[in-house]
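Okay, structure first, notes after.
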């Protein structure tokens, strides 16, 4: 058997490959999570997309971040809040000032945050307006059979928080119906024992944007839309007929619908038209994209058309039609927020909660 | 302000001297710019080592960013220029007592990264201070630094008492400091191969307390450390699991899986079935979450682990089949793993759904994946009797699709289905035959030919079908040729009248016109069989074949248990034990053996072989010379020689005899160290009790032990021997486990272990005989049903004649004393068959002993086939 001296673990994100070399037995998930974190931290430092150019552009910060985030193979400081205290992110303002006065990017004083009992939060946070926004984003993964029945449906939710609260706020988020949650995973700031006992999400938040929790919902759920694709091939070409409509959405509008049909390789051309929305067909990738801003009340949208095929066509090819959509102010799981309370600080913050339901991996078999 | 400009410098001639000038600029910001340029040059691979002194010059600054950049440069170049690195030591030492804790931490951290021996000497004092620093940031940095130092100089860490300081940090008030101390101790344990962190009640409490509060990475370290401990106490195990369970809901997948590992390893010790059930219930949803909400890389690692978990505890995910349904845009590596797990979870109640998914999968584009999906349908048919009809129907549907590779793969699996359910599905043969001429893959062809041969009497044109292959006989692959020969012979035996010519032709081709020895051999065997005794040929060729069975359990139990202890690690992804894919860092490492260090041989033992799993400590070829025979006991030693055979002949032998030791290494050969050894079983485990006597002038210490590979796979656990002063004696007991990686062929008798014992004066070799009655575990009893199902699943491959003293009753008593347990008895007059079970480590050994009606026989079976020869040897001795 071969004994290797080194093993490589990598992840690919936005065309960048993050590679870790390990020389002995370790936890691969720790490595993958760390690389993922590295990518996210780079993202917060260099703007949303991390590219070869942005890494080059900021190599000194990259060095500093790597140095701070890892020590001799051990993850060190990885919380964005703590990192930004030690290594402030670049911005135009600082660049200008720094250029004139020669001031350092580096904070010279010790960050108290990284070693406090809640390492994810900076110390001495001050905001002129105290506000906290909670976005509950649910995505539906489902695979629907040709007969319209779902082979499986899963709803997973993410609670994203934008927190601008001064001091050390202690928050509690109450759901009206927490029993519908099948599994939850929390940001380190959440007191799990409290949740276990009384299903209250209680936490001292990091400052800024963070993901408070993820959850999964049990039970079968109705999909908010239906897609009925009929794609048939015969010896001299093929026919396409796709219908879209909305189902139960509690009166909310389904928006930004995109239906994607990847045709098999033997399709040469496609002539497609729809009675609503716009259709685009890419000859090279053989992918049709049907975009609908919403589903009209007066008619049911239909995409129709003909396909021409090469001789190599097989009759039994079934493209899988993918759908995307978004519904604002709607939680497909039925999850409801009761209240969000603040302790430990005397100010009255502005609080906002909104729900979004969107399609995750939503596939319709034809 | 973009840093990219630093890269654009080009390599003009005066660049270096220009940089040099800038590095000495009056203004700090200019110097900083210059260091950035130097680092940019370093990044793109330019040689900037000549600037070492100039860059070092910039270290005297209060600007932390500049300081960090200089440190970065120094770390990169110190190894190349150790002489110059010494120049930085002063600054390091000064910075290590700076007022700013960030600077103190930075200095200690950097010093630990400079792998230059002479710098290391100066590290001790600052490190000691930093380990006791008032700021936790400094302490957590210093804790990791101890591990770095240990890697450079283990001796320094031990003599300077850093290990003790590290252990003290376990009681630190800051949880992250505790976690880093655990991480450092674990690393040191890995390097040294010894146990430092003991699971005492107080340590356990410290770890569990820190677990709730420390960073996510710290939680992983602590959980990994917890999983290494074990406790036999049900209450302890339960409370550890309970306190670890909340980690299952962490957002970090590494924490989740590490928690699963801890719970899996302690769960077996929990006696309360309700508590066990509760834990299983808690582990299910988080595992599902890893699959539904995470990145594909994480999903993959999770799936590989779930594969093990499902084999070990199927109930955890038995009702989560839907999660493993394949999604259209899953990466292929995820799809493949999901398929595998779906087969494992397939059962009668969910087979409809599963088959539907397999069918969908079989219409995807990736050929490899489609084949696996088709194969999955076949495996389900074989696994679940009641689903076979449905599976065959689906396979037929797939064949109708006429996609070549789907058809071929379907035929391959249908052949297996025929072997499991003979004479049930002949009706589909016609459909299969229609596809005969489209087959171009050897395995599919061979399968189809097998089917035609097997059912030749029901296929009207079987002769024509087979004949069509004969024209191109020589162009076929050997797999197809072999199958053709067999099929034609079968056909001939079933329909001799009209196929005489054909069989003649094919045997001619197989024997005369080929140079493939396998084919020729098979041809000749058939030929002779047919020409000497056609009836016998019929019995042989058309005889009833054993049914095949699908074992979804792919990993044997002993291996599975070992792998389950490795959950969340790389081993769990490879499904191999760590030793088989990574070189264990410095197995038994000793600083004194510096010579070996430069090369790969970090072990103190000679000629470590890279090939095997566990390092093979001896050069096997020269074993005869290098291992002197056990010498006779010296007269003055306080030991008795045990007469093994006498001992065995009394059937009432218990296992709690006082241990008698024998001198295995006389002082003359041991450079003054005399070793006496004796084996005993205690607390369900085999122990080797050692008496080490120091007859030399100087104290003996640094003991370490290794075994050569041996037929029972004996492996030593940690040897703990304090230093032995001159003219004094130390007694110690070494627990011996059985480890699959230690299996090796017998050098002499199966129960002799060759041992290397090292101390500070050298390495010494001797051997120890473990009496056969001590080898088997007290836990060797298995239920009758388990025994029978396993027994039946294995062929009778190891049948031997033996000499047996006594009748079946007295043998039962005798074997019981050696932990071979009676399972059942079967009488087929005049013979009597008695079944026994035994365990070597985790491996189950089964034996049937026959009495009466001629000489006694033993028939041995085990999934750990490598143990059988040694087991048989044990039986010869024990039965006599």
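Which semi-axes, in whole Å and largest first, does the equivalent ellipsoid of the range B:199-282 have when worked out from the alpha carbon gyration tensor as the square roots of 5 times its eigenvalues?
Numbers: eigenvalues 74, 47, 18 Å².
Equivalent-ellipsoid dimensions as semi-axes: 19, 15, 10 Å.
Computed over the range B:396-473, the range of Cα coordinates on each principal axis works out to 30, 26, 17 Å, biggest value leading. Over the C-alpha trace of chain A, radius of gyration and Dmax come out as 25.3, 76 angstrom.
The modelled label-to-label distance between residue A:179 and residue B:242, using points 7 Å beyond Cα along the C-beta direction, is 2.5 nm.
Counting beta carbons within 10 Å around each of B:345, B:491 and listing the fewest first gives the order B:345, B:491.
Each of B:265, A:198, B:777, B:660 was scored by other Cβ atoms within 10 Å of its Cβ. Listed from fewest to most, they are A:198, B:660, B:777, B:265.
Over the range B:778-879, what portion of Cα pair distances is larger than 17 Å, expressed as a whole percent? More than 17 Å apart: 46 percent of the Cα pairs in the range B:778-879.
Can you work out the base-10 log of I(q)/I(0) for the range B:483-560 at q = 0.13, 0.19 1/Å, using the Debye formula on its C-alpha atoms alone? After summing over all Cα pairs, the log10 values are -0.50, -0.78. Could you give log10 I(q)/I(0) at q = 0.05, 0.07, 0.09 Å⁻¹ for the protein assembly as shown, computed by the Debye formula over C-alpha point scatterers of equal weight, without solvent? Calculated log10 I(q)/I(0) at the listed q: -0.48, -0.93, -1.36. Across the range B:19-147, the convex hull enclosing all Cα atoms gives 97 Å³ per residue. Among beta bridges from DSSP that stay inside the protein assembly as shown, the antiparallel ones total about 90%.
Would you kindly calculate the translational diffusion coefficient of the range B:309-403, applying Stokes-Einstein with the Kirkwood radius from alpha carbon pairs, for 4 °C and a viscosity of 1.567 mPa s, and quote it in µm² s⁻¹ without decimals?
Working: Rh = 13.4 Å.
Once the numbers are plugged in, D ends up at 96 µm²/s.
Potential lengthening of the chain between residue B:796 and residue B:557 amounts to 84.0 nm, from the contour at 0.36 nm per residue minus the alpha-carbon distance.
The P(r) of the range A:222-320 has a tail past 20 Å containing 38 percent of all C-alpha pairs.
Quick note on the range A:13-69: its Rg to Rh ratio, both from C-alpha atoms and Rh being the Kirkwood radius, is 0.98. Using equal-weight Cα scatterers in the Debye expression, the normalised intensity of the range B:451-497 in log10 at q = 0.19, 0.29 Å⁻¹ is -0.53, -1.09. R0 = 22 Å: FRET efficiency of residue B:737 with residue B:866, Cβ-based, nearest 0.05? For R0 = 22 Å, the calculated efficiency reads 0.85. Rounded to 0.05, the FRET efficiency of the residue B:134 and residue A:287 pair, given R0 = 56 Å and the Cβ-Cβ distance, is 0.35. The distance from the alpha carbon centre of the range A:300-366 to that of the range B:493-545 is 66 Å, rounded to a whole number.
Rounded to the nearest 0.05, what FRET efficiency is calculated for residue A:72 and residue B:21 with R0 set to 41 Å and r the Cβ-Cβ distance?
E(calc), rounded to 0.05, equals 0.70.
Measuring nothing but alpha carbons in the range A:110-207 and taking Rh as the Kirkwood radius, the Rg to Rh ratio lands at 1.11.
Translational diffusion of the range B:106-164, estimated by Stokes-Einstein from the Kirkwood radius over alpha carbon pairs at 20 °C in a medium of 1.002 mPa s, is 193 µm² per second.
Between the helical axis of A:28-46 and the longest alpha-carbon principal axis of chain A there is an angle of about 80 degrees. Label sites at residue B:389 and residue B:359, each approximated as a point 7 angstrom past Cα along Cα to Cβ, lie 1.6 nm apart.
Rounded to the nearest 10 degrees, the angle from helix B:216-228 to the longest Cα principal axis of chain B is 60 degrees. Which translational diffusion coefficient, to the nearest whole µm²/s, is obtained for the range A:121-267 from the Stokes-Einstein equation, given a Kirkwood hydrodynamic radius over C-alpha pairs, 25 °C and 0.890 mPa s? For the chosen part, D equals 129 µm²/s.
Here the Kirkwood formula, the inverse mean of 1/r across different C-alpha pairs, assigns the range B:213-348 a hydrodynamic radius of 15.4 Å.
Can you sort B:338, B:383, A:247 so the residue with the fewest Cβ neighbours within 10 Å comes first? Display every interim value, and only then the final one.
Details: B:338 23, B:383 20, A:247 10.
Fewest-to-most ranking of B:338, B:383, A:247: A:247, B:383, B:338.
All Cα-Cα distances of the range B:433-546, cut into 5 Å bins from zero to the largest, leave 2, 12, 25, 26, 21, 11, 3, 0 percent in each bin in turn.
In chain B, helical runs assigned H by DSSP with n ≥ 4 each contribute -39500 (n - 2.57); averaged across all residues and rounded to the nearest 500, the mean residue ellipticity at 222 nm is -15500 deg cm²/dmol. Within 10 Å of the Cβ of each residue in B:285-297, the mean number of Cβ atoms contributed by other protein chains is 6. Spin-label model, residue A:166/residue B:209: points 7 Å from Cα along the beta carbon direction are separated by 3.6 nm. Taking the convex hull of the alpha carbon positions in the range B:656-774 and averaging its projected area over all directions gives 7.1 nm². When both the range B:104-132 and the range A:143-201 are represented by their alpha-carbon centers, they are found 45 Å apart. When the Cα atoms of chain B are aligned to their principal axes, the ranges along those axes come out at 107, 80, 59 Å in descending order. Bridges between two residues of chain A, per DSSP, are antiparallel at a rate of about 90%.
Cα centroids of the range B:355-379 and the range B:262-282: 36 Å apart.
Throughout, read-outs are computed from the coordinates displayed, never taken from laboratory work. Please read these numbers as outputs of a predicted model, since none were measured by experiment. Cβ atoms come from the backbone with ideal geometry, glycine included; neighbour counts cover every protein chain shown.
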